[in-house]
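The values are calculated or read from the model by the stated rules, or taken from the named source; none is laboratory data. Just so we're clear, the structure is a prediction, and the values are computed from it rather than from any experiment. Glycine also receives a Cβ, built like all others from the backbone with ideal geometry; neighbour counts cover every protein chain displayed. Each accessible area value is taken on the protein alone, full model and side chains, heavy atoms only, with ligands, DNA and RNA left out. Shrake-Rupley method; radii C 1.70, N 1.55, O 1.52, S 1.80 Å.
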Amino acid sequence: MNRHLFLYDIKQNLLLFFIILAILVMYFCIITNMFDPAGNEDLIKLASMKLSPELMRAFGFDMAADSSLTSFLSSYMYGMLMLLLPLIYANITANRLMAQHVDKGDMAFLLSAPLSRTVIAATQAVFLLASTWLLIGVCCTFSLILCHSSFPGLLNDANYIRLNGGLAALMTLLSGIGFLASACCNESKWSLGIGLGLPLLFYVFNMAAEASGSAVFRYLSVFSLFENTALANGEGANWKIILMFGGGLLFYLAGILTFRRRNLSL
């Protein structure tokens, strides 16, 4: 990878990173302080006045009244917000790193430098993967500190960290799809349409599966591999986490190889 290109990527994507991070931190503060150690009956009743049980499950808000703090966060933060916002960051950034440079003609300047296509693509892949993991890691660390200060001893650290590891695996897979789309497309509209549109379609299928209990929709969505409730309870299959990590890395590798061999319209 190339250090100068990596630093340029940081400069270009820092604002988006901090916007997404600030939104997530705000929601962590709000939702964590909604937790009631004595029971969450009132919160569930309030939510049920606005949403039907099916819609609550579709948006990931599915928990028992006596849920632990770990399960509470897994439902209210990792059922939707920690899925969609990092996904948006990862795929907008993926488009900026590859397809947007081709679309605007900037890639010609990068290729005129003494850098091979492999080095350029590998640098962009490392930046995307590292920044996405960093976003999740900062949120996880902030949440741990917040929970221990607000509700000492109520958060199961091991299960919560494993939950975030599962999320990092899912985002590796989804950002890999975005990176491959960006490496294949000459125009940003197609890169975003595929790289962001396909994961969002998977999310819609997952919502339909949660609301209806349909196994068909569940098999059509990669989000079904992320078992947030099971991971928060110390369960969940490790092979699914490994599958998401492995699949994501294969998408990244395919993106690098595709960019190295394709014809560019510059």
Between 0 and 90°, nearest 10: helix 81-97 axis offset from the chain longest Cα axis: 0
Highest-MSF residue in the chain out of Asn33, Asn159, Asn13 [GNM, Cα springs under 10 Å]: Asn33
Between helix 238-261 and the chain: long-axis angle, C-alpha atoms, 0 to 90°, nearest 10: 20
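Probe radius 1.4 Å, ligands and nucleic acids ignored: give me the carbon and sulfur share of the accessible area of region 129-266 as a rounded percent.
Values: 4350 of 6270 Å².
Carbon plus sulfur share of accessible area: 69 percent.
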Principal axis dimensions, region 139-227 - Cα atoms, whole angstrom, descending: 50, 33, 17
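Counting other Cβ atoms within 10 Å, keep those with at most 15, restrict to DSSP loop, and tell me which trypsin sites (Lys or Arg not before Pro) in region 199-266 are left.
Here the trypsin sites (Lys or Arg not before Pro) that fit, given the DSSP loop and packing criteria, are Arg262.
To the nearest 0.05, how large is the calculated FRET efficiency for Ile242 and Phe151 if R₀ is 25 Å and r is the Cβ-Cβ distance?
Working: r = 32 Å, r/R0 = 1.27.
Efficiency for this residue pair is about 0.20.
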nm² value of the averaged projected area, convex hull over the Cα atoms of region 187-239: 4.7
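For the chain, with every protein chain kept in place, what is the accessible area per residue (1.4 Å probe, Å²)?
Values: 12260 Å² over 266 residues.
Counting only protein heavy atoms, the per-residue value for the chain is 46 Å².
For the chain, what is the convex hull (Cα atoms) projected area averaged across all directions, in square nanometres?
Numbers: hull surface 57.4 nm².
Result: 14.3 nm².
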Glu187-Leu84 pseudo-label distance in nm [points 7 Å out on the Cα-to-Cβ vector]: 2.8
Debye intensity ratio in log₁₀ form over the Cα atoms of region 73-204, taken at each q of 0.15, 0.19 Å⁻¹: -0.73, -1.00
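Using only helices, what value at 222 nm comes out for the chain when you add -39,500 (n - 2.57) per DSSP H run of length 4 or more and divide by the total residues, to the nearest 500 deg cm²/dmol? Provide the component values of the computation, followed by the final result.
Numbers: 14 runs with 203 residues, N = 266.
Taken over the chain, the calculation gives -25000 deg cm²/dmol.
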0 to 90° range, to nearest 10: angle between helix 41-50 axis and the chain longest Cα axis: 60
Derived scalar couplings ³J(HN,Hα) [region 192-201; Karplus, 6.51 cos²θ - 1.76 cosθ + 1.60; whole Hz; x for Gly, Pro]: 5, x, 8, x, 9, x, 5, x, 5, 5
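Mind ordering 93-102, 223-232 by average Cβ neighbours within 10 Å, highest first? Display every interim value, and only then the final one.
Details: 93-102: 25.1, 223-232: 21.3.
Those peptides, ordered most packed to least, come out 93-102, 223-232.
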Label-point gap, in nm, between Val126 and Ile19 - each point 7 angstrom along Cα→Cβ: 2.8
